[in-house]
Amino acid sequence: MKPAAQMIARAVDTVRQSAPPCRDQGPSPMSTDINKNRLRLEMDRALRDLNREIINPQLPEMHLDDLKPAMAMVARARARYLKRLLDIAASDQELPDAKQIASLHAARVTYEELVTAIRALETAIERGYLDVKR
C-alpha cells in the first residue's frame, strides 16, 4: 500500500476505534456526523502531513525576498497583458485582427498560468507545506 493510502487507512481506523458502539437502533444521525467530522479531520491532517513531507524537501528554506522575483514576474505578465489590450484598443481598427488576438491570447495564457502558480505557492505556504522566513 502506498504511504498516502496507509495514512488514510490509519485515519479511518482511528475514527472507527473512537466511535461509540452502535445500539440496536443503529447509530444516531449525530454520532454519524461526529464520525464523519472525525474522519474528515484525520484525512485533512494526513493530507497536510503528506504534502509537507513531499513538498518541503523539494524546495530549500526560503525567505520573503526569495519570493519577490516570482511575484514580480506575475506583475510583469499582468502589465504585458493589459498593455497589449490597450495597444489594440488604441489602434485605428474597429476590431482587432487575428494577429492581435493571438498576441493578446498568448499574453493572457502566460498571465493566467503564472497567477495559478503563485496561488499554489501561497497555498503551500499558508498550509505549512513550505518554510518561509521573514
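With the condition kept exactly as written, say whether any residue in the stretch 66-84 is at pLDDT 95 or above, surrounded by fewer than 12 Cβ atoms within 10 Å (Cβ to Cβ) and over 30 Å from residue 132 (Cα atoms).
yes
Looking only at the stretch 90-121, which residues are assigned to a helix (DSSP H, G or I) and either over 20 Å from the mean Cα position of the chain (by Cα) or modelled with pLDDT under 95 (or both)?
Within the stretch 90-121, 90, 98, 99, 100, 101, 102, 103, 104, 105, 106, 107, 108 meet the criteria.
Identify, please: which residue in the stretch 122-134 is of a type in the set (D, E, K, R) and in a helix (DSSP H, G or I) and is, among those, farthest from residue 73 (Cα to Cα)?
First pass over the stretch 122-134, keeping only residues of a type in the set (D, E, K, R): 122, 126-127, 131, 133-134.
With the extra rule that they be in a helix (DSSP H, G or I), the set shrinks to 122, 126.
Details: 122: 15, 126: 21 Å.
The residue in question is 126.
Among the listed residues 33, 87, identify the single one that is modelled with pLDDT of 95 or more, part of a helix (DSSP H, G or I), more than 30 Å from residue 125 (Cα to Cα) and over 23 Å from the mean Cα position of the chain (by Cα).
87
Take residue 45 and tell me if it is surrounded by 11 or more Cβ atoms within 10 Å (Cβ to Cβ), modelled with pLDDT of 85 or more and in a helix (DSSP H, G or I).
The answer is yes for residue 45.
Cβ contacts < 8 Å: first residue of a type in the set (Phe, Trp, Tyr), restricted to the stretch 111-123; second residue in a helix (DSSP H, G or I) and modelled with pLDDT of 95 or more, any location; separation 6+ or different chain. Result?
111/74; 111/77; 111/78; 111/80; 111/81
The values are calculated or read from the model by the stated rules, or taken from the named source; none is laboratory data. Everything numeric in this text was worked out from a predicted model, so none of it was measured. Don't worry about glycine lacking a Cβ; one is built from the backbone with ideal geometry, like all the others, and counts go over all protein chains shown.
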